[in-house]
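Below is one structure, written out as structure tokens, with a few remarks after it.
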Amino acid sequence: MEQIFEILEQNARATPEQIATMVGMPVSEVEKIIKQAEEDKTIIKYKTTIDWAKLGKGEVWALIEVKVTPQRDVGFDIIAERIYQFPQVYSAYLVSGAYDLAVLVRAKNMQEISSFVTEKLAPLEQVQSTVTHFLLKRYKENGEILQLPKEVGRLPITP
Amino acid sequence: MSHSIQVKALNSFISQKVNNISPSGIRKFFDLLSSVEGVISLGIGEPDFITPWHIREAAIYSMEKGYTMYTSNYGLLQLRQELAKYLKLHYELNYHPEHEILITVGTSEGLDLALRAILNPDDEVIIPDPCYVAYVPDIILAGGVPISIPTCKENDFVISASDIEPRITKQTRAILIGYPSNPTGAVMPHEELLKIAKLAQKYNLLVISDEIYARLVYGIEHTCFASLPGMKEQTILLGGFSKAYAMTGWRIGYVVANQELIEAMTKIHQYTMLCAPITAQMAAIEALKNGEREIERMRKEYDGRRRLMVKRLNDIGLSCFEPKGAFYTFPSIEITGMSSEEFAEKLLLEEKVAVVPGSAFGQYGEGFLRCCYATSLANIEEALAKMGRFVKKYKK
């Protein structure tokens, strides 16, 4: 069953029929498993990885380290929620180490990130400090290497 | 003093032995292929993965450190030690790394060494038909005589002991088998291997077992021939890194056998090859130490594609048994009434899909195609859709 999800993770457009053949299960069974997974949010959503730089879209991304004061009973969850609800936040993680929350922010320009940090994030009561790292270049995303070097071809016929 | 001057024919500098070998059927097809553009190829005999990064990185590091020299003729001791561990782990086999393992330039060299080390002129070597393209020429080049045993679709292209026995003569020296098979994808059932082992003992024959595809099996366990009762002493085991670790271009393989045989093969190897390239040996050490995860990842991928291709082939009317090893399918083209060469050529020109005619692998490969599924799902789907259209047009 895990295999079904591995295939979908690689290629969300794989059809139930293809998947069924590949894992050796009836199509109806595969459809049932996928439907169930969609319902219980094992499959959260189907997405496409796009190299926006190719479209000349000048987006700005930043990774923000956030140090926060945890609250009694709820720990980091409440403050994390206050932060991840902002639409600029693309990903948010609680991490171990020198800071607490790693927040990946996506915005139209540097101005937008700057105002998000200074007006929304930093002033939060529980936020002790922030460190903002702007992304300079993307090499790999969601397990996919972007800007692959030209493929080295195999000979079309080999023994 | 009289001189007789003979006018030499164009090929007269070439030995008779070489003249008598026909060029590979694959090679011929390759030439035709280079004249067509935009081809989807199912004719490739190598993984579509590149060598896993940790292996490439280890090789780069070895170069940076200056490992650029010859190694022992046998290969780096560390590599042989890792191999000994590997054979113990996977097959419960105990081989001595110092005397019973030889590192070769690909499995191809291993096969050549094995044949040259054991054959006297006109000794016979039994092989399955169809089989890998190099078996027949390599036997001939080593001075032997290939004896082909037909295998067929009805029997899932398994070579059977009962077909071998009547062909054993006083001249028979060895049985050469290669399973999982290139071109058919067939694997040998354990019981049949046991029967062949019994034959080898009864007639005192060597078995050369080419197990280059050993790690690419689906839904079954691979049986290493040398691990069968009493067969360690009578087996020359050929293995390599090309397929499991996607390392075809590195040219690195190995031969495992008893000390006497390894010494004989090393004699040839030391004068003809000296040693396998050190960088490839360094990479192979890393592959053995940390490669299992990548092997499994690739094997799983192949398995999915295998099922898909077999289903699609059967759906379009090219009946195909379920191959349980390597990365080939071997469908029958009987319903078209064409020869395999004719089919492959027409398919290439009309639909721009390349497959290898079964006849390239022996007389009994006629009527079949070798289609490799070591290519992307999208390629498989597109190629099979085109083949479906083609078969519909030419179905009798």
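At a glance:
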{"item": "Positions within region B:20-60 being of a type in the set (Gly, Ala, Ser) and assigned to a helix (DSSP H, G or I), in sequence order", "result": "B:GLY25, B:ALA58, B:ALA59"}
{"item": "Residue selected from region B:371-396 under the condition facing another protein chain (nearest Cβ under 10 Å) and not in a helix (DSSP H, G or I), by the criterion surrounded by the most Cβ atoms within 10 Å (Cβ to Cβ)", "result": "B:CYS372"}
{"item": "Evaluation of A:LYS45 against (1) under 27 Å from A:TYR139 (Cβ atoms); (2) assigned by TED's automatic domain parsing to the domain that holds A:HIS133; (3) of a type in the set (Lys, Arg) (one fails), failing number", "result": "(2)"}
{"item": "Single match in B:GLU296, B:GLU263 (criterion: surrounded by fewer than 21 Cβ atoms within 10 Å (Cβ to Cβ), among the acidic types (Asp, Glu) and closer than 26 Å to B:HIS99 by Cα)", "result": "B:GLU263"}
{"item": "Helices (runs of 4 or more DSSP H) fully within region B:61-169 counting 1 or more residues that are polar (S, T, N, Q)", "result": "B:77-91, B:106-118, B:161-164"}
{"item": "Qualifying position, being touching a Leu at 6+ places or on another chain (Cβ under 8 Å), in the same structural domain as A:LYS67 (by TED's automatic domain parsing), surrounded by 11 or more Cβ atoms within 10 Å (Cβ to Cβ) and free of Cβ contacts under 8 Å to residues at least 60 places away in the same chain, among A:SER91, A:SER114", "result": "A:SER91"}
{"item": "Residues within region A:45-77 that are surrounded by 14 or more Cβ atoms within 10 Å (Cβ to Cβ) and of a type in the set (Val, Ile, Thr), tallied", "result": "4"}
{"item": "Some residue of region A:131-153 being within 14 Å of chain B (Cβ to nearest Cβ), β-branched (Val, Ile, Thr) and surrounded by 15 or more Cβ atoms within 10 Å (Cβ to Cβ)", "result": "no"}
{"item": "Given (1) within 14 Å of chain A (Cβ to nearest Cβ); (2) touching a Leu at 6+ places or on another chain (Cβ under 6 Å); (3) of a type outside the set (S, T, N, Q); (4) in contact (Cβ under 8 Å) with a residue 60 or more places away in the chain, number of the condition B:CYS131 does not satisfy", "result": "(2)"}
{"item": "Residue selected from region B:9-52 under the condition of a type in the set (Ser, Thr, Tyr) and more than 10 Å from every other protein chain (Cβ to nearest Cβ), by the criterion surrounded by the most Cβ atoms within 10 Å (Cβ to Cβ)", "result": "B:THR51"}
{"item": "Elements of type strands (runs of 3 or more DSSP E) in region B:176-274, at least 3 residues being closer than 16 Å to B:ALA161 by Cβ, touching a strand residue (DSSP E or B) at 6+ places or on another chain (Cβ under 9 Å) and touching a residue at least 12 places away in the same chain (Cβ under 8 Å)", "result": "B:206-210"}
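Table: residues versus (1) away from chain B (no Cβ under 14 Å); (2) within 26 Å of the chain's Cα centre (by Cα); (3) more than 30 Å from A:LYS120 (Cα to Cα).
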residue: A:GLU17; (1), (2), (3): no, no, yes
residue: A:THR21; (1), (2), (3): no, no, yes
residue: A:SER28; (1), (2), (3): yes, no, yes
residue: A:ILE33; (1), (2), (3): yes, yes, yes
residue: A:ILE43; (1), (2), (3): yes, yes, yes
residue: A:TRP52; (1), (2), (3): yes, yes, no
residue: A:GLU59; (1), (2), (3): yes, yes, no
residue: A:VAL66; (1), (2), (3): yes, yes, no
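The values are calculated or read from the model by the stated rules, or taken from the named source; none is laboratory data. Everything quoted here is computed from the prediction, not taken from an experiment. All Cβ positions, even for glycine, are placed from backbone atoms using ideal geometry, and neighbour counts span all protein chains on display.
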